[in-house]
Structures are given as C-alpha cells and as structure tokens.
1. Could you work out the relative contact order of the chain, using alpha carbon pairs under 8 angstrom and six or more residues apart, expressed as a whole percent?
2. Using just the helices of the chain, give the 222 nm mean residue ellipticity in deg cm²/dmol: DSSP H runs with n ≥ 4 each add -39,500 (n - 2.57), and the total is spread over all residues, rounded to 500.
3. In the stretch 102-185, what chymotrypsin sites (Phe, Trp or Tyr not before Pro) fall in a loop by DSSP, with at most 13 other Cβ atoms inside 10 Å?
4. How big is the stretch 53-181 in terms of Cα radius of gyration and Dmax, in angstroms?
5. Label 7 Å along Cα→Cβ of residue 277; the stretch 256-271 residues with amide nitrogen under 13 Å?
6. Between residue 221 and residue 56, what FRET efficiency comes out of the Förster formula 1/(1 + (r/R0)^6) with R0 = 35 Å and r the beta carbon distance, rounded to 0.05?
7. What angle, in degrees between 0 and 90 and rounded to the nearest 10, separates the Cα long axis of helix 55-67 from the longest principal axis of the Cα atoms of the chain?
8. Rounded to the nearest whole Å³, what is the per residue volume of the convex hull around the Cα atoms of the chain?
Amino acid sequence: MASARRAGSIQEDGLAEGLAGGTAVVTGAAGGIGLGIARAAADAGMSLVIADIAADRLAAVEKEFRDRGIDVLAIVTNTADAASVERMAAQAIERFGAPRLLVNNAGVEMMGDIWELPAEQWQRIIDINVLGPVHGVRAFAPAMIAAGTPSYIANITSIGGLGMSGGQAPYIVSKHALLSFTECLYLELAEAAPHIKVSAVLPGPVATRIFTDAVALTEKAHIAQAHDQMEAVLAQGMSGDDAGRKIVDQIVEGRFWISPHPEMMEGAAQSRAAYLAGLHTPAQRVRPSYQSK
Ligand SMILES: NC(=O)c1ccc[n+]([C@@H]2O[C@H](COP(=O)([O-])OP(=O)(O)OC[C@H]3O[C@@H](n4cnc5c(N)ncnc54)[C@H](O)[C@@H]3O)[C@@H](O)[C@H]2O)c1
C-alpha cells in the first residue's frame, strides 16, 4: 500500500516525510475530495481531525473512521467564521498537538451573472473559499511553527484558479485569490518556518456533490445549461478517493504545484502564461481549463 512506501523515507531536501503517527486536519472532510484526503491520511497512519459544516454527514464519516480504529476528532465547523475555525483548532491542538498536515479543502461553487448574484452570495463565497483557508492558517500555523516538526499545509484551489469563465465568476475569482494567498504563504513560511511545506492543489474534474449543492441562478437558461454541463463533466471525473490519494502522495513529496490531473494543470498554466505574455483580451471558451484533457 502507498503508505508503506511513504513512511520513513527522506526527501532530497532533507525533510523527513513520514506522516505516520502525526495528525491531519482536513476541512470539508464530510464528502468529496476532503473525505478522500482524510482516508488517504488515515491509510498513511495518521490521526484525524475532520471538520465540516454538514453535521449529519460528518457524523457518518466519523463513525466510518472509528469503526476502522482510527483516532478521529470530528468537529462541526463553519470555515467562513474565524471564531468557529479558532475553536476547532483549539480543540484539535489540545487533543493531538500541532498537526503535521493541514488541508484547507472546504469550498463551494456559485453560478450566475456577476450583476445578478446578490451581494451576500458574493460575500459568502469569498468568506468560505478565500477567508476559510486564511482562518485555517491563522489558527494552526503558530502551533505548527512552534512545533518545529516537518509538516505540510495544502490549500485546495482549482485548475479554475488559472483560467476564466463567464457564468461562474465568484468561484473563479475565489480560486485565483486562494492561489495567490498560497503563493504568498509559501514565501512567508519558507523564510519563517522552512520545516513547513506549502502546496497549492489544483484539481480538475472530481465526481463530487459540489455542483449539486452550488448556488446557481438556474432560471436563466444559459446558467442552467452551464450548470448542467459542469455537473455532467464532474460526474465523469475522478473519484474523491483517487483524487485524495494522489493529492496526499504529492503533498509528502514537498511539491508546491499539486494536482490529481497534472497534465491538465500544466496545460492550464501554459495557456495562462501565453495569455498573459501576449496581453491577450479575455476570451470566453467553454470550460477553458478542461479543454486540455
Ligand atoms: N470536484 C471538483 O471537480 C473540484 C475541482 C477543483 C477544485 N475543487 C475544490 O475541492 C474542494 C472540495 O470540493 P468537492 O468537490 O469535494 O465538493 P463537496 O461539495 O463534495 O465537498 C465540500 C465539503 O465542504 C463542506 N463545506 C462547505 N462549506 C463549508 C463551510 N463553510 N465550512 C465547513 N465546511 C464546508 C461541505 O459540506 C462539503 O462536505 C473545494 O474547495 C472545491 O472548490 C473541486
């Protein structure tokens, strides 16, 4: 199993990378990619702190891990709320000490024309998708820095964080911002605490409920059509468990750029670079970041 390969090996930069015996904190862990990451971390021998806003689904996932004999702490958390994340972190650190792995994964989708989505929906997606990871880092980084143990922070952005797409501007904006935050975090921790490796995770399509749960102004035909298209693309995507395993494998390699769909990420990065280098005008393409598949 992959965990046996990972445990105890040393990276070329000298960072000990065995995760076994450490604790993983995963937000949005009650389903989808977050659950896949939590399962992969448990397979690698880690204790778990799983946090999600969906209490019922979180309780079911907690039971799954308990039944497997995993040391797990499930905490209902709203990552948009700094105080909620700080409470979760205090409980997690009291129980397990500083985590070896923090994955800021919780995120939501939103579809609609820019001028028609209400201000509170714009606020909500920025609060969850951008400030949620900021709150996670603020809550856990001081303990991780003080611990001095080789450890990892990974933020789940998206291949959409390298692209553009009319119809889901709030999501795209949030994922660009999260990528930018993660780049700055890398720089700051490389100076202040080089024992903490930072990764930006850019998944392509993974079969999850994110579009089913999305806010979408589907009374507009073009939004309804784009929503249905995206839901269909994701339904054909990789499973959350496969994505979670690939993500954890790449995190422990100490990489910054991570994706369960590496070729798609490279294609999107090259398109973005060419677009910026040429100072091209934004061009609407259907699912731009998914065309390189
Ligand atoms: N599925 C994909 O194709 C895809 C592609 C690129 C990036 N992503 C990103 O992956 C991450 C996980 O998404 P997913 O596809 O697994 O979706 P998902 O909807 O299956 O899982 C997201 C989880 O986050 C939880 N959540 C939502 N708001 C929350 C909040 N305020 N506080 C705490 N938990 C909250 C949900 O309850 C859910 O369990 C997201 O950041 C998403 O943007 C997904």
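1. 20
2. About -14500 deg cm²/dmol.
3. Passing sites in the stretch 102-185 are 115.
4. 16.3, 50
5. 269-271
6. About 0.55, to the nearest 0.05.
7. 40
8. Hull volume over Cα atoms, normalised by residue count, gives 130 Å³.
Throughout, read-outs are computed from the coordinates displayed, never taken from laboratory work. Only a predicted model underlies this, so the values are computations on that prediction, with no experimental measurement involved. For neighbour counting, all protein chains shown are included, and Cβ atoms are generated from backbone atoms with ideal geometry for every residue, glycine included.
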